[in-house]
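Please read the structure below before turning to the comments.
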Amino acid sequence: MSLVLTVDGARWRAHLLSTVTRHPGIVPVAKGNGYGLSLGRLARRAQWLAEHAEETGAPLDVVAVGTYDEVEEAASRYAGDLLVLTPWRPFGAALDLQDRTASRVVHTVSRPADLAALRERDPEARFVLEQLTSMRRHGMTRRDLEAAAETLATAQGGGARHRLRGVAMHLPLNTTSHLGEVTRLINDVVASGLPTRTVFVSHLTSDELDRLATTYPDFTVRPRVGTGLWLGDRGALSVTSTVLDVHEVERGDVFGYRGRSVPKHGHIVVVSGGTAHGIGLEAPTGDQSLRARAATLARGGMDAVGFVRSPFSIDGKQRLFAEPPHMQASMLFVPSGARVPDIGERVDVRVRFTATDFDRVVIS
Ligand SMILES: *Cc1c(COP(=O)(O)O)cnc(C)c1O
């Protein structure tokens, strides 16, 4: 009855261990829907990885969460430090941290003014300084870094420099090399005079990480990895829905919320999984105008009778939505000639893990 993510546990755990072994400075990222696996499960698994440090050679002293709202959920399952990827601001959830967890948090600071404001509120706060990259999402320019270095150098008590855990750069999902950009950014760190030699990066290939380590032997480059860690071995993961009902239909029969009629003989197959799970959000919302249909047809997502391709596959063939997905179920059209699945049968579903809420996650 459910949309289920089934994980081959032995294979998945082996992939996790080999990934952290290859990247001992790794910072696992556990955020959002936990890449389909749930945030809590990933935090527990990160704790498990930390407990395997002797085997992997990776100390795993910090896990990254996306937002301040996610801190508590991770903090109760993972015992080490929690790096919050969303930059600290002098408002919102960042100010509501519980005392118990605040000391385990490493903040991301992306504006010089925020550095002063954070340190004023919590002189003990630990933080990384985010650099502005070609993403242009958040971050400090070279000038901002210099201002931050100045602030830290003149801070009273002298401990401020030790609370700086490194700089962070968030890079686009480029297909071409990031090395030119990273080189410029690291040079900016050196020029700013900031007292750190640790850089947190995202989306670098193993090859790029190796080359950086060679080019900057005095720097520690720590990759933040989500997708490549948790979902890196796709063969260990399978997503299935269940056939809930099957109806044979003739050309002209009416079906569905919109009273469409069937274009030709075949079967309507009702499967579990709908919009509530995040299924088929790309599918047209019933806009059957010629233009919308032509655009979808041009993308190869619609067949000649106006059905849109669905993410559900039966016998390895991707089937068409008979109409846009419902909240928890979807209606597919299987033309005559194709095998009709039995009620209760599992069918494969292709999903975006980061946008899918599974009814159940089963790890063997
Ligand atoms: C989500 C995120 C990551 C991890 O990205 P993946 O593509 O899942 O590996 C790294 N850094 C930042 C800042 C992020 O927001």
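The values are calculated or read from the model by the stated rules, or taken from the named source; none is laboratory data. What you are looking at is a predicted structure, and each value in this text was computed from that prediction instead of being measured. Reconstructed Cβ throughout: ideal geometry from the backbone, glycine too, with neighbour counts over all protein chains shown. Remember, those area values only see protein heavy atoms, side chains included, never the ligands or the DNA or RNA. Shrake-Rupley method; radii C 1.70, N 1.55, O 1.52, S 1.80 Å.
What the table shows:
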quantity	calculated
Filtered residues of region 20-35 (kept if more than 17 Å from VAL362 (Cβ to Cβ) and either away from the ligand (no atom under 11 Å from the Cβ) or open to solvent by 40 Å² or more (accessible area, probe 1.4 Å) (or both))	VAL20, THR21, ARG22, HIS23, PRO24, GLY25, LYS31, GLY32
Contacts under 6 angstrom Cβ, first residue in region 217-237 being free of Cβ contacts under 8 Å to residues at least 40 places away in the same chain, partner near the ligand (Cβ under 8 Å from one of its atoms), 6 or more apart	none
Unmet criterion (only one of (1) closer than 23 Å to ARG22 by Cα; (2) within 16 Å of the ligand (Cβ to nearest atom); (3) of a type outside the set (Val, Ile, Thr)) for LEU132	(1)
Top-ranked residue of region 10-19 - restricted to ones that are within 15 Å of the ligand (Cβ to nearest atom) and of a type outside the set (Ser, Thr, Tyr), ranked as farthest from ALA79 (Cα to Cα)	HIS15
Test: residue in region 238-251 that is modelled with pLDDT of 95 or more, open to solvent by 20 Å² or more (accessible area, probe 1.4 Å) and within 30 Å of ILE26 (Cα to Cα)	yes
Of all residues in region 70-98 being open to solvent by 40 Å² or more (accessible area, probe 1.4 Å), more than 17 Å from LEU118 (Cβ to Cβ) and touching a Gly at 6+ places or on another chain (Cβ under 9 Å), the one that is farthest from the ligand (Cβ to nearest atom)	SER76
Residue list for region 41-64, restricted to those being within 16 Å of the ligand (Cβ to nearest atom) and either part of a strand (DSSP E or B) or of a type in the set (Lys, Arg) (or both)	ARG41, ARG45, VAL62, VAL63, ALA64
Residue in region 54-75 that is over 17 Å from LEU164 (Cβ atoms) and without any contact (Cβ under 8 Å) to a residue 12 or more places away in the chain present	yes
Among residues of region 206-237, those that are over 30 Å from GLN328 (Cβ atoms), open to solvent by 50 Å² or more (accessible area, probe 1.4 Å) and within 14 Å of the ligand (Cβ to nearest atom), counted	1
Test: residue in region 286-301 that is surrounded by 12 or more Cβ atoms within 10 Å (Cβ to Cβ) and either assigned to a strand (DSSP E or B) or modelled with pLDDT of 95 or more (or both)	no
Filtered residue count, region 252-266, keeping only those that are surrounded by fewer than 20 Cβ atoms within 10 Å (Cβ to Cβ) and in contact (Cβ under 8 Å) with a residue 40 or more places away in the chain	8
Residue check, MET169 within 16 Å of the ligand (Cβ to nearest atom), open to solvent by 40 Å² or more (accessible area, probe 1.4 Å) and closer than 17 Å to VAL201 by Cβ	no
Where ALA148 falls short, out of the listed (1) surrounded by 21 or more Cβ atoms within 10 Å (Cβ to Cβ); (2) of a type in the set (Gly, Ala, Ser); (3) within 13 Å of the ligand (Cβ to nearest atom)	(3)
